Amino acid sequence: MYPAVKSEGQLGCPLVGTWQPKVPVGTILSEGMLVGHIVRLGKPEPVVVPAGIHGVIRKLTKAGTWTAYGDAILAYGAADGMVVEDDHHEAEAGGVEGAVAIRADTDGTVYLRPEPGAAPFAAPGQKVAAHDTLALVEVMKTFTPVRCPIAGEVVRVDVDDSEAVEEGQTMFWIKPD
Amino acid sequence: MFRRLMIANRGEVAQRVTRTAKRMGIEVVVIASTADKDQQWLNEADEVVVIGPPRSSESYLDQCTVLEVARKTNSAAIHPGWGFLAENDIFAARCQALGLTFVGPSARHIKQFGDKSLARATMTNLGLAPIPGSKEAVSGLAEAERVAAQVGFPVLLKAVAGGGGKGMRPVDGPSNLATGLQQASSEALASFGDGRVYIERLIRQGRHIEFQIMADAYGNVVVVGDRECSLQRRHQKVLEEAPAAGLSQAERERLLPILTEAIRKSGYTNAGTVEMLMDEHGTAWFMEMNTRLQVEHSVTELVTGLDLVELQLRVAAGERLPLKQEDVVTTGHAIECRINAEDPANGFKPSPGRVTKLRFPEGDGIRVDTHLREGDKIPPYYDSMVAKLMVHGSDRADAIARMRAALEQTEIEGVTTNIDLHKAIGRFEPFVDGSYNTTSLEKELMETAWRDSI
């Protein structure tokens with residue numbers, strides 16, 4: 001998992017190990033682009049640009065630098081004529097008109113599927129009944145279902161599977177029937 | 001001795017191991033997830049490396065990362081603490097392959113005792129009798145019927161790969177055996193990916209007794225006393241005491257040479273705990289062996305005056321155990337209350353959050369192992385245990401009196417804890433008179449007066 005993407009424009013190292021960049025300063029970044037490797041226990045692990053980053057590499061951490069999780073491996077800025085977008089969640093942060101927000105009632109880790117590989121509990125467009133399980137929130141190894149308070153349709157999901165959520169954070173938008 | 005030690009753990013565990021290592025003059029490297037990176041216990045280490053996001057699977061359990069950090073920081077050894085990678089034989093083997101000392105038993109012994117059926121067979125061969133039952137997993141109904149008839153009903157069907165109280169099914173009589181076996185096997189397959197099941201005689205009101213073992217690479221084995229952990233909720237220990245309240249001196253003396261000889265013959269090294277279940281006649285039977293130091297090791301430290309982490313490090317560094325069996329002297333009685341951030345009035349729901357007030361008692365006969373400071377935020381990602389409140393008294397009655405007083409002086413605000421449950425235990429007759437068993441907490445205390453009081 002990548003550390004939280006900041007709008008200031010630094011890419012944090014997703015793994016612990018020795019940084020080996022693959023692209024030079026001046027490269028325009030796009031989602032999924034391979035920018036280098038982290039060598040961990042002698043094995044190179046690819047580092048790709050996560051979603052939500054658009055810009056040009058201004059500064060590159062030196063090849064061979066040993067980095068902890070989250071240490072900056074490159075800094076980027078807006079390329080000429082390009083608008084830098086914020087994190088995709090923040091970009092969508094507005095509410096959905098006529099829909100009810102389902103918020104986390106505690107800090108924890110949210111799971112959108114009953115088990116890895118299974119279909120999600122509630123995908124956008126899906127009809128849900130009152131008391132249906134929308135997700136599981138794990139707190140200290142205890143899993144608690146998030147129940148839908150109303151019958152309606154899932155219009156938007158604002159969290160990723162196995163994402164850390166904070167108390168009060170909006171997870172789902174449900175349009176009541 | 002090692003120059004540098006890495007601790008692959010967090011919280012109270014990391015702090016506990018750090019303090020002993022620092023006292024021994026060893027440099028300490030600790031790892032932290034981003035959820036823990038500003039926590040106080042990290043300040044006691046010489047070096048801190050942030051290794052990943054909050055989720056354990058991407059931080060404390062990520063073996064490649066943990067090993068990379070150990071190598072890069074020139075650590076000679078890794079102490080796994082308890083929990084996380086402590087009983088992972090693959091991790092122990094990978095440490096060895098990279099020239100790092102794993103502070104614990106060999107990968108072979110972790111594997112041998114981690115498989116419950118193999119552990120039963122091993123201990124039987126070494127002379128320590130397990131709970132009567134099938135020697136290994138049963139092959140089918142015919143064998144199950146034969147074994148059940150031998151040991152007598154009721155029996156307990158247990159998943160070979162089970163643990164923590166999961167994968168167990170009691171069977172009252174012969175007519176229910178076929179259905180029980182089929183259900184136990186399919187449940188085990190669904191939960192653990194391994195449908196093998198073995199049979200044990202069901203001990204209904206057993207007592208959980210355990211023996212602390214320490215062994216070096218030169219064949220020296222010392223039993224560092226015993227503990228009782230019968231106060232359990234959902235098979236999780238709530239309170240422990242040393243010495244074991246329910247163990248007779250005769251049974252203790254009967255077991256001591258058998259245990260010592262079994263461990264010596266197995267070639268096991270470092271710390272371990274032999275967990276046993278004592279039946280209504282006072283006879284203790286082998287249940288399982290934990291191949292690590294346990295949470296409750298500290299009550300043994302209180303009554304023996306030994307530092308078990310120090311002994312672990314010495315043995316791992318190739319030294320001989322600095323004590324013999326006759327040097328282990330038990331003084332008085334110790335009790336440990338596990339303080340968890342959970343809400344007993346609300347089905348023991350975990351209660352993470354900001355600790356707004358924190359006060360623990362201090363003084364003679366009191367030991368509090370905690371990483372918690374006032375103002376800390378308890379993250380939701382890890383275990384709910386936040387402190388171990390321990391007392392040491394001249395005898396059991398004195399220890400209970402001290403426990404009651406210590407609990408009265410403890411204040412934790414901002415999060416809900418199980419302190420009131422411990423206060424109720426302090427006045428619970430079967431605990432006070434020492435007659436309790438593994439069902440007492442759930443079947444008596446929690447089902448009666450205490451439940452009405454919350």
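Taken together, B:Asn270, B:Asn220 contain a single residue that is buried (at least 23 other Cβ atoms within 10 Å of the Cβ), under 23 Å from B:Leu308 (Cα atoms) and either outside the structural domain of B:Met390 (by TED's automatic domain parsing) or not β-branched (Val, Ile, Thr) (or both), which is B:Asn270. The residues of the stretch B:174-206 that are touching a residue at least 60 places away in the same chain (Cβ under 8 Å), assigned to a loop (DSSP other than H, G, I, E, B) and within 15 Å of B:Ser139 (Cβ to Cβ) amount to a single one, B:Arg196. For the stretch A:130-175, a residue qualifies if it is of a type outside the set (A, V, I, L, M, F, W, C), within 26 Å of A:Ala51 (Cβ to Cβ) and not in a strand (DSSP E or B), and the qualifying residues are A:Asp158, A:Asp160, A:Asp161, A:Ser162, A:Glu166, A:Glu167, A:Gly168, A:Gln169. Tallying residues that are more than 18 Å from the chain's Cα centre (by Cα) and either farther than 14 Å from A:Lys175 by Cβ or within 11 Å of chain B (Cβ to nearest Cβ) (or both) within the stretch A:133-152 yields 10. Looking only at residues in the stretch B:30-41 that are over 24 Å from the mean Cα position of the chain (by Cα) and more than 12 Å from chain A (Cβ to nearest Cβ), the one that is surrounded by the most Cβ atoms within 10 Å (Cβ to Cβ) is B:Gln39.
Any chance the stretch A:70-88 includes a residue that's assigned to a loop (DSSP other than H, G, I, E, B) and at pLDDT 90 or above?
Yes, some residue in the stretch A:70-88 is assigned to a loop (DSSP other than H, G, I, E, B) and at pLDDT 90 or above.
Residues considered: B:Glu87, B:Glu68, B:Glu145. Of these, the only one that is at negative phi, among the acidic types (Asp, Glu) and part of a loop (DSSP other than H, G, I, E, B) is B:Glu87. Selection of the stretch B:115-139 for residues being β-branched (Val, Ile, Thr) and part of a loop (DSSP other than H, G, I, E, B) yields B:Ile131, B:Val138. Being within 12 Å of chain A (Cβ to nearest Cβ) and within 15 Å of B:Asn9 (Cα to Cα) is a condition met by at least one residue of the stretch B:79-88. Hey, does the stretch A:121-144 have a residue that's under 26 Å from B:Asn340 (Cβ atoms), touching a residue at least 24 places away in the same chain (Cβ under 8 Å) and loosely packed, with under 15 Cβ neighbours inside 10 Å? Yes, the stretch A:121-144 contains at least one residue that is under 26 Å from B:Asn340 (Cβ atoms), touching a residue at least 24 places away in the same chain (Cβ under 8 Å) and loosely packed, with under 15 Cβ neighbours inside 10 Å. If we scan the stretch A:47-59, do we find a residue that is within 14 Å of another protein chain (Cβ to nearest Cβ), assigned to a strand (DSSP E or B) and without any contact (Cβ under 8 Å) to a residue 24 or more places away in the chain? So far as the stretch A:47-59 goes, no, none of its residues is within 14 Å of another protein chain (Cβ to nearest Cβ), assigned to a strand (DSSP E or B) and without any contact (Cβ under 8 Å) to a residue 24 or more places away in the chain.
Of all residues assigned to the stretch B:211-222, at least one qualifies as being at positive phi and in a loop (DSSP other than H, G, I, E, B).
Among residues of the stretch A:96-117 being under 28 Å from B:Ala35 (Cα atoms) and away from chain B (no Cβ under 14 Å), the one that is modelled with the lowest pLDDT is A:Gly117. Scanning the stretch B:264-287 for residues that are assigned to a strand (DSSP E or B) and under 30 Å from B:Glu319 (Cβ atoms) yields B:Asn270, B:Ala271, B:Gly272, B:Thr273, B:Val274, B:Glu275, B:Met276, B:Phe286. Of all residues in the stretch B:45-73, count the ones that are surrounded by fewer than 22 Cβ atoms within 10 Å (Cβ to Cβ), away from chain A (no Cβ under 12 Å) and closer than 15 Å to B:Arg4 by Cβ. Residues flagged as surrounded by fewer than 22 Cβ atoms within 10 Å (Cβ to Cβ), away from chain A (no Cβ under 12 Å) and closer than 15 Å to B:Arg4 by Cβ within the stretch B:45-73 amount to 1. Could you check, for the stretch B:90-111, whether at least one of its residues is at positive phi and out of contact with any helix residue (DSSP H, G or I) (no Cβ under 9 Å at 6 or more places or on another chain)? Checking the stretch B:90-111: not a single residue is at positive phi and out of contact with any helix residue (DSSP H, G or I) (no Cβ under 9 Å at 6 or more places or on another chain).
Counting only strands (runs of 3 or more DSSP E) wholly contained in the stretch B:338-454, the ones carrying 2 or more residues that are over 24 Å from the mean Cα position of the chain (by Cα) and in contact (Cβ under 8 Å) with a residue 24 or more places away in the chain occupy B:357-359, B:411-413. Which numbered condition in (1) within 19 Å of the chain's Cα centre (by Cα); (2) touching a residue at least 24 places away in the same chain (Cβ under 8 Å) is the only one that B:Arg71 fails? The failed condition is (1). Residues considered: B:Val303, B:Val315, B:Val295. Of these, the only one that is of a type in the set (A, V, I, L, M), out of contact with any Phe, Trp or Tyr (no Cβ under 9 Å at 6 or more places or on another chain) and more than 25 Å from B:Arg254 (Cα to Cα) is B:Val315. Being within 11 Å of another protein chain (Cβ to nearest Cβ), in contact with a Leu (Cβ under 8 Å, 6 or more places away or on another chain) and surrounded by 23 or more Cβ atoms within 10 Å (Cβ to Cβ) is a condition met by no residue of the stretch B:13-27.
The values are calculated or read from the model by the stated rules, or taken from the named source; none is laboratory data. On a predicted model such as this, the values are computed, not experimentally measured, just so you know. Neighbour counts are summed over all protein chains in view; Cβ atoms, including those assigned to glycine, are modelled from backbone coordinates with ideal geometry.
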